[in-house]
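The values are calculated or read from the model by the stated rules, or taken from the named source; none is laboratory data. On a predicted model such as this, the values are computed, not experimentally measured, just so you know. A quick note on method: Cβ atoms are made from the backbone with ideal geometry, for glycine too, and the neighbour counts reach across all protein chains shown.
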Amino acid sequence: MEQIRFIHTADLHLDSPFLGLNKLPDKLFGRLQESTFSALERIVDTAIEKSVDFVLFVGDLFDGEDRSIKAQARLRKQLKRLEEEDISAFITYGNHDHMAGDWVKLDMPDNVYVFNENPEPFLFTAKNGISVHVYGFSYPERHVLTRKIDGYEKVPGADLHIAMLHGSEDGRSGFHQPYAPFTVRELQEKAMDYWALGHIHKSRILHSDPYIIYPGNTQGRHRKEEGKKGCYFVAMTKDGQTELEFIETADIRWETVHIDLKENMGMTQLYTSCSSAMESLESKGQSILCQLIINKPYYLSKKLLKTIENGEFIEVLQDEVFLDDDFIWPYQVKLEEDLIDEQSLISDDAFLNVLEETAEELLQPDAFEQAVSDLFSHTYGSRYLDNIDGAEREQILQSAKKLVLRYLSEAD
């Protein structure tokens, strides 16, 4: 049966910086810098391999409104590969790469159509004669809080109707800004055959008849973007029968493993347990950035706990990693979140409140910088210090808070 075939992808965030990582080996740092581009290349490889008719890029192709020349050039190179295979590309820009940004513009190949700021249809005809109206819009500015869904209207004259929308489901934006809000019911009422969504970085199928899908982003960029990342390959007949296949595109995957301890466990047993846990992760042609969570850390001696908290233990684990094609790199070792039960260690509620308020205040950049200003202005110490970003600041404050509580409990 004749069908159209396409790739649905979103949130590439090309040339995006990785957050929460520092002091990485040069080889690993270079791999991370290339990872968003590697994901794009895998998307195009898949499109060519599966002989698709077109690729939908649903917003946030670039990480910032300035769109670096490097990112534009690398995108253009991959779009040219599609053009050489007679594959079209449809692009909508999102809140990160909105059209009001200031950048040096590189023209896109002739196989690319970029949607303007108001929802509009584009008539596409596949080689087999199936006609498709593709609908979409690009963000004219970063903050689009209006219900752009109201501007989508199904236009007669095509066999199939596919809509692109970079936005948030009402009440489900989570960590993301509620841009271009919609409800699933509103999308259903538009009577489209497929809704290609973007903006939310976790893959989610909101509805199956018709399909309403977030593919998620193509490459996780920090520890909160764990797990599989990729795009969807979609095959659809003229009567709307649809088949889906999720394609993993991330070159580097973020994962967390939990280490369960036994009583009186020493350094050798802890090291062996952590190494085995990391080796058990399935790489599937990917490299992995791994966070280790130590459960029941009260089984460890104070001396061993100290090697974890001062970073010695993770250095031992990292020294064993060979940065070959596929590697597993432990980027963090953390003690179980409930290691310190504040109420059991310190019964003074007033003190705990003051400690919590102080930590919250120091999360603000100005307050934190003032607190550590003497260290950064020290004649010798400043030579060995790098700028501290938000994730590192939060980690330092959490460690300091736990240290205060532990010392006070030991003093008691």
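Here are E255, E245, E263: which of them is in a strand (DSSP E or B) and loosely packed, with under 15 Cβ neighbours inside 10 Å?
That would be E245, the only listed residue that is in a strand (DSSP E or B) and loosely packed, with under 15 Cβ neighbours inside 10 Å.
Taking G94, is it assigned by TED's automatic domain parsing to the domain that holds H13, in contact with a His (Cβ under 7 Å, 6 or more places away or on another chain) and surrounded by 13 or more Cβ atoms within 10 Å (Cβ to Cβ)?
Yes; evaluated as a whole, the condition is true for this residue.
Yes/no matrix, rows are residues, columns are (1) in the same structural domain as H133 (by TED's automatic domain parsing); (2) assigned to a loop (DSSP other than H, G, I, E, B); (3) closer than 30 Å to I328 by Cβ; (4) not hydroxyl-bearing (S, T, Y):
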| position | (1), (2), (3), (4) |
| --- | --- |
| H207 | yes, no, no, yes |
| N217 | yes, yes, yes, yes |
| G220 | yes, yes, yes, yes |
| K224 | yes, yes, yes, yes |
| K228 | yes, yes, yes, yes |
| F233 | yes, no, yes, yes |
| M236 | yes, no, no, yes |
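Is it true that some residue in the range 185-194 is surrounded by 15 or more Cβ atoms within 10 Å (Cβ to Cβ), among the small types (G, A, S) and either at negative phi or modelled with pLDDT of 95 or more (or both)?
No: the range 185-194 contains no residue that is surrounded by 15 or more Cβ atoms within 10 Å (Cβ to Cβ), among the small types (G, A, S) and either at negative phi or modelled with pLDDT of 95 or more (or both).
Quick one: would you say G64 is modelled with pLDDT under 95 and of a type outside the set (A, V, I, L, M)?
yes
Condition test on P178, is it at pLDDT below 95, surrounded by 14 or more Cβ atoms within 10 Å (Cβ to Cβ), out of contact with any Pro (no Cβ under 6 Å at 6 or more places or on another chain) and over 19 Å from G64 (Cβ atoms)?
yes
Find the residue count for the range 319-332, including only residues that are touching a strand residue (DSSP E or B) at 6+ places or on another chain (Cβ under 6 Å) and in a helix (DSSP H, G or I).
Residues flagged as touching a strand residue (DSSP E or B) at 6+ places or on another chain (Cβ under 6 Å) and in a helix (DSSP H, G or I) within the range 319-332 amount to 0.
For the condition basic (K, R) and touching a residue at least 60 places away in the same chain (Cβ under 8 Å), what is the one hit in R185, R223?
Among R185, R223, only R223 is basic (K, R) and touching a residue at least 60 places away in the same chain (Cβ under 8 Å).
Which of the following residues is in the same structural domain as G64 (by TED's automatic domain parsing), touching a Lys or Arg at 6+ places or on another chain (Cβ under 9 Å) and surrounded by fewer than 19 Cβ atoms within 10 Å (Cβ to Cβ): P17, P25?
Just a single option satisfies the conditions, and that option is P17.
Just one of the numbered conditions (1) closer than 15 Å to D11 by Cβ; (2) crowded, with 24+ Cβ neighbours inside 10 Å is not true of I200; which one?
Among (1) closer than 15 Å to D11 by Cβ; (2) crowded, with 24+ Cβ neighbours inside 10 Å, the lone unmet condition for I200 is (2).
Return only the number of the condition from (1) in contact with a Ser or Thr (Cβ under 8 Å, 6 or more places away or on another chain); (2) assigned to a loop (DSSP other than H, G, I, E, B) that L82 does not satisfy.
(2) is the only condition that L82 fails.
Report yes if T46 is more than 19 Å from the chain's Cα centre (by Cα) and in a helix (DSSP H, G or I), otherwise no.
So T46 passes the test.
Which of the residues spanning the range 70-128 are under 18 Å from S138 (Cβ atoms), aliphatic (A, V, I, L, M) and modelled with pLDDT under 95?
Within the range 70-128, A71, M99, A100, L106, M108 meet the criteria.
Could you tell me which residue of the range 291-308 is farthest from M265 (Cα to Cα), considering only residues that are in contact with a strand residue (DSSP E or B) (Cβ under 7 Å, 6 or more places away or on another chain) and in a helix (DSSP H, G or I)?
I308
Is there a residue being farther than 30 Å from D193 by Cα, in contact (Cβ under 8 Å) with a residue 24 or more places away in the chain and not polar (S, T, N, Q) anywhere in the range 229-240?
no
Got a sec? Which of V104, V58, V44 is touching a strand residue (DSSP E or B) at 6+ places or on another chain (Cβ under 6 Å), assigned by TED's automatic domain parsing to the domain that holds I212 and aliphatic (A, V, I, L, M)?
Going through V104, V58, V44 in turn, just one is touching a strand residue (DSSP E or B) at 6+ places or on another chain (Cβ under 6 Å), assigned by TED's automatic domain parsing to the domain that holds I212 and aliphatic (A, V, I, L, M): V58.
List the pairs whose first member sits in the range 86-102 and is acidic (D, E), whose second member is surrounded by fewer than 16 Cβ atoms within 10 Å (Cβ to Cβ), and whose Cβ atoms are under 7 Å apart, counting only residues at least 6 apart or on separate chains?
Note: pairs meeting the criteria are D102/D66.
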